[in-house]
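Written below as structure tokens is the structure these notes are about.
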Amino acid sequence: MEELLQQIEQHKADIAAYEPDSADTAETFRIKYLGTKGIVKAIMGEMKNVPNEQKKNFGQLLNEFKKFTEEKYELLKAATENTGAASHASFDWTLPGDPFPVGTRHPITMVRNKIVSIFQHLGFAIAEGPEIEDDWHNFGAMNLPADHPARDMQDTFYINQNPDWLLRTHTSSVQARVMEKQKPPIRVICPGRVYRNETISARAHCFFHQIEGLCIDEHVSFADLKQTLYYFVQEMFGKDVKVRFRPSYFPFTEPSAEMDISCLICEGSGCNVCKHTGWVEILGSGMVHPKVLENFGIDPNKHTGFAFGMGVERVCQLKFRVNDLRLYSQNDIRFLQQFTSSV
Ligand code: 2U9
């Protein structure tokens, strides 16, 4: 009897000291103490050998021991369920946490979002369209004649199954689809990926990203174009930036102009980004060609419009000084991790 009481005391001490050090600790404990062949059952079995006058006291003692063991089991179960393994006692809670890698936006996405938000402030809506286009929306509607070099297989990716299908070479096809559905006033901004059959190098890629804009209404003038684009570069590059327009030619605009901004890298003193001119080209623009308006049933005597287009990679290059276009699509984490602040 005395021996049995000593055994119970020893088991209680062992149980009290039991530590949850792995996910299956609670189960191992249950099998050892509370299982059908466990210690609690075995001690209960000793009841038959206890003299009758001691049975009451011993029964009480056994019940307490069983309850004590069951409570410990519940504690172990909770500890291993919550932590997956270790307990408060065996785990150093003061250890620093595991670093959680925070992703960053791709620089092209950051710059695109910024450009889009500037035009959204001016009341431009965003429009998107398919990257696989037909000849009409990409070229025909844009006043590109059948013999225009851009239509050449050398310059454009055509889809084998259907000679009328191609990968859009500019997002003007999106504006074409807007004009099909919507009558003036129209004010849209079209961001998207475009494709050209170029040999990949630091300065050329077979795909890049464009943002084009279109504004059509009554009495829209070249002055509106200039002020809109001036506002854009000030928001994008700061209030000190200067602009200049140079006459240019595009089949879909007349007159056409390219816009330069003062070189932000050398501030006019001369560097290789501005080729020592103090100016860098940023976008193309112009008044929408009357033929393009007519293609969509818009009367050029009543409505006029301006349009512009820019390469997001180009803006990104000026903003972040990235000098190799290939970096944008190589997904090299060492490159991508450098763009942690928003533009
Ligand atoms: C419609 C009518 C006219 C969009 C325009 C440009 C000028 C232009 C280039 C800039 C660099 C393409 O990414 S780039 O290579 N774009 O210079 N784009 S005007 O003109 C339009 C668009 C839609 C209906």
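None of the figures in this text is laboratory data; all of them are computed from the coordinates on show. As the structure is a prediction and not an experimental result, all values here were calculated from the model. Glycine gets a Cβ as well: all are built from the backbone with ideal geometry, and neighbour counts include every protein chain shown.
A few comments on the model shown:
- Cross-link pairs exceeding 19 Å in C-alpha to C-alpha distance, out of LYS41/LYS67; LYS12/LYS67; LYS48/LYS72; LYS242/LYS319; LYS114/LYS275; LYS242/LYS275, comprise LYS48/LYS72; LYS114/LYS275.
- Inter-label distance, nm, simple model (7 Å from Cα along the C-beta direction), ASP21/ASP224: 7.9
- In the chain, the DSSP-assigned H stretches of four residues or longer account for a calculated mean residue ellipticity at 222 nm of -10500 deg cm²/dmol, using -39500 (n - 2.57) per stretch and the full residue count as denominator.
- Sequence of THR104, THR253 once ranked by neighbouring C-beta atoms within 10 Å, starting from the fewest: THR104, THR253
- Dividing the Cα radius of gyration of the chain by its Kirkwood radius returns 1.43 for Rg/Rh.
- Seen from VAL233, the other residues with C-beta closer than 14 Å to its C-beta sum to a net charge of +2, counting Lys and Arg as +1 and Asp and Glu as -1.
- For the chain, the membrane-span-like helix rule (DSSP H, alpha carbon extent of at least 18 Å along the helix axis, mean Kyte-Doolittle at least 1.6) picks out no helix; this says nothing about an actual membrane.
- Centroid-to-centroid separation of segment 237-283 and segment 101-148 [C-alpha atoms, Å]: 21
- Dipole of segment 110-336 [Lys/Arg +1, Asp/Glu -1 at C-beta], most positive-end residue of VAL116, THR156, THR199: VAL116
- Over segment 2-89, the hull volume per residue, using the convex hull of the C-alpha atoms, is 78 Å³.
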